[in-house]
Each structure stands twice: as structure tokens, then as C-alpha cells.
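Every read-out reported here was derived from the displayed coordinates using simple, explicitly stated rules and does not represent laboratory data. For clarity, every value in this text was computed on a predicted model and none was experimentally measured. Please note: Cβ atoms are built from the backbone with ideal geometry, for glycine as well, and neighbour counts cover all protein chains shown.
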Number of protein chains: 2
Amino acid sequence: MSLPSFVAVDWGTTGFRLWVMAAGGKILNATQGPFGMSRLKRRDFPNVLEENLSKLGIGSDVPVIICGMAGAAQGWCEAPYLAAPTRLDRLGDGAVKVRGTARDVRILPGVKQVSPANVMRGEETQIAGLLHCYPDFEGTVCLPGTHTKWVYVKDKTIRRFETCMTGELFAFFSEISVLSHSMIADGWSDKAFREAIKTATQDPISVPKRLFSIRANMLVGEQSSGEARASLSGLLIGQELMSVQPYWENQTITLIGAEPLYEMYLWAFDELGIGGKALDIAKMTLSGLQSAHFNQKGKYK
Amino acid sequence: MSLPSFVAVDWGTTGFRLWVMAAGGKILNATQGPFGMSRLKRRDFPNVLEENLSKLGIGSDVPVIICGMAGAAQGWCEAPYLAAPTRLDRLGDGAVKVRGTARDVRILPGVKQVSPANVMRGEETQIAGLLHCYPDFEGTVCLPGTHTKWVYVKDKTIRRFETCMTGELFAFFSEISVLSHSMIADGWSDKAFREAIKTATQDPISVPKRLFSIRANMLVGEQSSGEARASLSGLLIGQELMSVQPYWENQTITLIGAEPLYEMYLWAFDELGIGGKALDIAKMTLSGLQSAHFNQKGKYK
């Protein structure tokens, strides 16, 4: 049996995912939980990490590399942003060693863009993973989620990026806003989604006045919860797409995201005649953490 | 001292406002509280009303007329929508008499529009009040709030209307979303508001990608809470304005709204070269309730 060589952790706002890795890149063990930054105080981070490692029987000599919001100012230990344009094969160079821990724990930096102002934490590691798997990659990467990122990559470098709060908006509209009353039941409608994508991409300026119609349609007409939910998703994704048009025009988009979200983006791309292919988010994250770990390994003291 | 002739109530989603009126239209007494529909079960409505009337010493022979969400399906007693286009001087005809109360209590209907689907409850009474005060009014009325309404009125009739969820969105972004971390302190910036209005009205399609910049600007640059809040407000109001352009183009807009919200709209109108004048929301509501009360009075049994 292989010995653990290092531990890779994706530590985000809401979740925590950990892999125990052999030197050759084999996954020896893995765990995850809802121990995201938003639930933790600074002093909680080392305990959460050590408890999880202890359960898996990982000795204190095994180093840990972390990406994501654990490196934010309000996280465990701030890992200052790299400034775009920035090469990704040097992501490990920006790692910050956490002080006061017996174990060697390093946190990867996020990436910032000064103008227009933007930031990412976690997505840069997924893109580093993409470059690790496809070293010659050039083009646009779309990472759909709470805050969807659109990133243009060339020469192993993040050139520029944009963020749309589409996932957070969808959660608000469908769970909190007055529209939520029209989405109480489960369900989905491909037809309503495609129609909403068409409406929003052909007339994006009209989206603000169309959102309330989702509620009104239920009150004055006939509409299922599934149609309401799909219409909302289509309007928001369509509006997002039009706001980042230079990122996808004449491009084949590489999607890194979780199911079923990336499928909605693929349908939307299809509606606009954009080519797209999806990559597994966990695989990209792990590849990125792994490549950053080995790239900075020589510098371990 | 004048005797109470009737009681007028504006009963919305979050608030309750009551006026005791003399026959001649004089306000004899008034009260208000946070007893909105969203906090009440159906059986609570009569108790809330009678407790408030009892404190003011109003006998059970004094009739009550109500507008707003108390007439919604999930309110006290459903008052079915009138269908636009609909005349407003006949609003009282659509009033529904609440069953099972000793007192004569009537609830005014809202207005629906079948295509594009839309609904209002409460705003129609404010517009009836506008027509009571200015019988020859013709043009666009903007009623900014949680769900801002844009209403085209001609021949004492609501011809058509649109709804933008700008107020609810502003509350979400500034109090719940990740942007809220950039608006912890109080404050406001007229300059940032006007710049955001300019940005959003010149390039409305870009708004979805600009919202997250409000957060990023704080992380990578310098920006006060007041600038962040004003930028958010300007982006959302600007985006709204562009989505309802046919309502304000070549029009002088009549605003019915509360301070400071209507002032923001007046600044935004100014930025776009639109003329606007603001009317007092409480006065319009009360005028609308009063005219509906007297128009249907002959039908009281």
C-alpha cells in the first residue's frame, strides 16, 4: 500500500473537501463536509483540519495544501491575491505557510484584477488543473456557480476575467423573493428554460421587468413550479451570457462546474450556437492542488 | 368635534396604516404598525383591525375600507383583480365585503394584466387618489418600492403596467448577498450614484457583470460603504429604467413614493433628461380609499 505523500484540500465558503494523495498522484482516501469558511471562526480551521486528518489516520509529518476561501482575509490565513495577468504554473509560489501549526500547511493565493475590479479564490486552482491536464489550453473557461467566473486563458496565464452573481441571484429569487411562492413544488421544464434563454439573449434589457412576470403568470395564468423555476434560470443565465459576450463570441467554451448546473449552461450555449465541453470540477481542483504542491515542493523548508 | 364617518386602511405586505375620517374628508385620527400580511394568519386580520379601532374608540357602526395585500388570496379575504385596462373611478365597485364581521369591512380589488402577466395590489388605490386630486391626469405614473410599478394612465383608466423588483433586489444585495460585506457602514455618495446611473443606462446589458465589482472594488481598491451602496442603487435603478423605456420616453413622470426613494428616481430621471414630479404617497392612498368609499357608498346595504 502506498504511503500518503500530501493532503489536498478545497476549502470554500460553504464546503470542505479533502483528498489524501500518494506521491504518484493516486487518491488514497477522501472526505468532505459542510465546514465552509462562512461557518467557522479563524481558530476553528486548524481543529477542523486536524480532526478530519486524525479520523483518516494521517500523521503530522504529511503536508497539506489548501485552495479557496480559507485563504481570504476573513478565512484561516490570508494568502494575498496574485494580480492578473498571472501565470498559473507558478500558483504554488504564492502559497502562504500557516504559522503556529505543527504540520506544514500551505494555502494557495487567489487572483485579483485591478481594472475592472475582480477577484477569485478557488477557481484559479481549477484552471491550473485544466492547464495541468491540457498544457496547451488557450481560450475561455466558464466556471458556473454561486459567482460564475468567465476567464480568458492564454500562455498558461489568466489574462482577464469577469464574475456574474447568477447562482446567488437564482437562490435569492427561488428561495427568498416573492417569486419563491411560485416555485414551491419540485420540477423543471426544458421548454420553459429554452424559451427564457431565447427571450433573455434576444432582449437582455427587458429581463428586469420580466422577472416579476414569473410570479404574475402563476396568479393570472397557468404555470407550473417547474416552468417558473426553469424560466427564472433561463432569464438569469441568458442575461449573464449577454453581459459577457466578448468571452464566448467565436469561442468554444470549456466549462468547469458541477451537475446539473453545467448542463444548463451547455443548453444555453446550444441555443446561442456556442460550442462547449464540460470537465469534472473535482478532477480539475485536485489536479490544480497537486501541480501547485509539486511546483513549490523544492521550496519547502 | 366631527363624528367618524369611515375608516380607511392601507394594509400591505409589511405594514398597516389606518386613518379615521370625518364625512367631509378631515382626518380625525390615525395609527400604524408593522402588522403586514406577511406576519399574519387569516384569522389574525379581524383581531388586528378591531384592537386598533378599539384603542381609538371607534364604534362597530363605523365602516372600514381597505386596500392592499389584505385582499390577496393569502390575505384576509380575496378581492378578485380587476383586469386592465380598467377604469379607476369604479374601483369601489370591485370591493368585497368581508363575511363574518359585525362591522362593515370592505376590501378593494387589485388590478391584473393578462399579457404580459402582471398584478398590483395597493398601487391602483394610489392612482385612484391621483385621479381624485387631478381628474384630467394622463401619462405615466412610477410607484417606486419593493416592487416598482410603471403604469400608463389615460381616460381615468389603467391602460398597461410593468413591475420591476428593484427594491427587493436592493435589499437582497445590500443586506444578504456577498455585496453586503462592502456596505456595513452607513453612508451614501451622490457622485457614485450618478456614475452608476450613467453606466447602467448607457450599457444596461453590462449590469450583471458589474454588480460583483462593487465587492471587488472594496477588496482590490478603495471604496467606502456609501459609495458601494450608492453604486448598487444606481446600477439597479438604471437597469430598471432601461427595461421600461417606452414608459418614460418623451414623458414627464409622476412619482408616488416614499422618501428618500423617490428622490433617487428624480436624480436618475435628471441624469436621463426625464422630467418628473413627486406626490405624497400617504395623501394619494388616502384620497384613493376615500373616493372608492364614496363611489360605492350608495351600494352599502
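Quick one: residue A:174 ticks every box in (1) within 14 Å of another protein chain (Cβ to nearest Cβ); (2) over 15 Å from the mean Cα position of the chain (by Cα); (3) in a loop (DSSP other than H, G, I, E, B) except a single one, so which number is it?
(3)
Going through segment A:132-147 one residue at a time, which ones are away from every other protein chain (no Cβ under 14 Å) and without any contact (Cβ under 8 Å) to a residue 60 or more places away in the chain?
If the condition is that a residue be away from every other protein chain (no Cβ under 14 Å) and without any contact (Cβ under 8 Å) to a residue 60 or more places away in the chain, then A:134, A:135, A:136, A:138 are the ones that fit.
Conditions: (1) free of Cβ contacts under 8 Å to residues at least 60 places away in the same chain; (2) within 16 Å of the chain's Cα centre (by Cα). Residue A:122 meets all but one. Number of the miss?
(1) is the only condition that residue A:122 fails.
Failed condition for residue A:45, given (1) away from every other protein chain (no Cβ under 14 Å); (2) surrounded by fewer than 23 Cβ atoms within 10 Å (Cβ to Cβ); (3) in contact with a helix residue (DSSP H, G or I) (Cβ under 8 Å, 6 or more places away or on another chain); (4) without any contact (Cβ under 8 Å) to a residue 40 or more places away in the chain, with all others met?
Among (1) away from every other protein chain (no Cβ under 14 Å); (2) surrounded by fewer than 23 Cβ atoms within 10 Å (Cβ to Cβ); (3) in contact with a helix residue (DSSP H, G or I) (Cβ under 8 Å, 6 or more places away or on another chain); (4) without any contact (Cβ under 8 Å) to a residue 40 or more places away in the chain, residue A:45 violates only (2).
Before we move on, is residue B:129 more than 21 Å from residue A:181 (Cα to Cα), of a type in the set (Gly, Ala, Ser) and surrounded by 15 or more Cβ atoms within 10 Å (Cβ to Cβ)?
Considered against the rule, which asks whether it is more than 21 Å from residue A:181 (Cα to Cα), of a type in the set (Gly, Ala, Ser) and surrounded by 15 or more Cβ atoms within 10 Å (Cβ to Cβ), residue B:129 comes out as yes.
Please go through (1) surrounded by 20 or more Cβ atoms within 10 Å (Cβ to Cβ); (2) more than 26 Å from residue B:175 (Cα to Cα); (3) touching a Lys or Arg at 6+ places or on another chain (Cβ under 9 Å) for residue A:203 and return the number of the only condition it doesn't satisfy.
Failing condition for residue A:203: (1).
Each row is one residue, and each column tells you yes or no for (1) more than 23 Å from residue A:224 (Cα to Cα); (2) touching a Gly at 6+ places or on another chain (Cβ under 7 Å); (3) assigned to a helix (DSSP H, G or I).
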position	(1), (2), (3)
A:149	yes, no, no
A:153	yes, yes, no
A:158	yes, no, no
A:161	yes, no, no
A:168	no, no, yes
A:181	no, no, yes
A:184	no, no, no
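Scan segment A:60-70 and give yes if some residue there is closer than 28 Å to residue A:114 by Cβ and part of a helix (DSSP H, G or I), otherwise no.
For segment A:60-70, residues closer than 28 Å to residue A:114 by Cβ and part of a helix (DSSP H, G or I): present.
Determine, yes or no, whether residue A:102 is in contact with a Lys or Arg (Cβ under 6 Å, 6 or more places away or on another chain) and hydrophobic (A, V, I, L, M, F, W, C).
Judged against the criteria, residue A:102 is not a match.
One line per residue, one yes/no per condition, for (1) touching a residue at least 12 places away in the same chain (Cβ under 8 Å); (2) under 20 Å from the mean Cα position of the chain (by Cα); (3) over 18 Å from residue A:112 (Cβ atoms); (4) part of a loop (DSSP other than H, G, I, E, B):
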| position | (1), (2), (3), (4) |
| --- | --- |
| A:9 | yes, yes, yes, no |
| A:13 | yes, yes, no, yes |
| A:17 | yes, yes, yes, no |
| A:32 | yes, yes, yes, no |
| A:49 | yes, no, yes, no |
| A:89 | yes, yes, yes, yes |
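Is it true that residue B:197 is away from every other protein chain (no Cβ under 14 Å) and either assigned to a strand (DSSP E or B) or surrounded by fewer than 17 Cβ atoms within 10 Å (Cβ to Cβ) (or both)?
Considered against the rule, which asks whether it is away from every other protein chain (no Cβ under 14 Å) and either assigned to a strand (DSSP E or B) or surrounded by fewer than 17 Cβ atoms within 10 Å (Cβ to Cβ) (or both), residue B:197 comes out as no.
Inspect segment B:242-259 for any residue being crowded, with 24+ Cβ neighbours inside 10 Å, within 11 Å of chain A (Cβ to nearest Cβ) and of a type in the set (S, T, N, Q) and give the result as yes or no.
The answer is no; no qualifying residue exists.
Considering each of B:49, B:18, B:53, B:28 in turn, give the residue that is in contact with a strand residue (DSSP E or B) (Cβ under 6 Å, 6 or more places away or on another chain) and farther than 26 Å from residue B:141 by Cβ.
So the residue among B:49, B:18, B:53, B:28 that is in contact with a strand residue (DSSP E or B) (Cβ under 6 Å, 6 or more places away or on another chain) and farther than 26 Å from residue B:141 by Cβ is B:28.
Among the residues of segment A:150-166, write down those that are of a type outside the set (D, E, K, R) and either closer than 15 Å to residue B:170 by Cα or within 11 Å of chain B (Cβ to nearest Cβ) (or both).
Answer for segment A:150-166, where residues must be of a type outside the set (D, E, K, R) and either closer than 15 Å to residue B:170 by Cα or within 11 Å of chain B (Cβ to nearest Cβ) (or both): A:150, A:161, A:163, A:164, A:165, A:166.
Of the numbered conditions (1) more than 10 Å from chain B (Cβ to nearest Cβ); (2) under 22 Å from the mean Cα position of the chain (by Cα), residue A:191 satisfies every one except a single condition; which is it?
Exception for residue A:191: condition (2).
Are there helices (runs of 4 or more DSSP H) fully within segment A:222-301 with at least 3 residues that are under 20 Å from residue A:195 (Cα atoms)? List them.
Qualifying helices (runs of 4 or more DSSP H): A:225-243, A:261-272.
Which condition from (1) away from chain A (no Cβ under 14 Å); (2) over 30 Å from residue B:260 (Cβ atoms); (3) of a type in the set (Gly, Ala, Ser) is the one that residue B:70 breaks?
Of the numbered conditions (1) away from chain A (no Cβ under 14 Å); (2) over 30 Å from residue B:260 (Cβ atoms); (3) of a type in the set (Gly, Ala, Ser), the odd one out for residue B:70 is (2).
Check off (1) under 23 Å from residue B:30 (Cα atoms); (2) buried (at least 23 other Cβ atoms within 10 Å of the Cβ) for residue B:104 and give me the number that stays unchecked.
All conditions are met except number (2).
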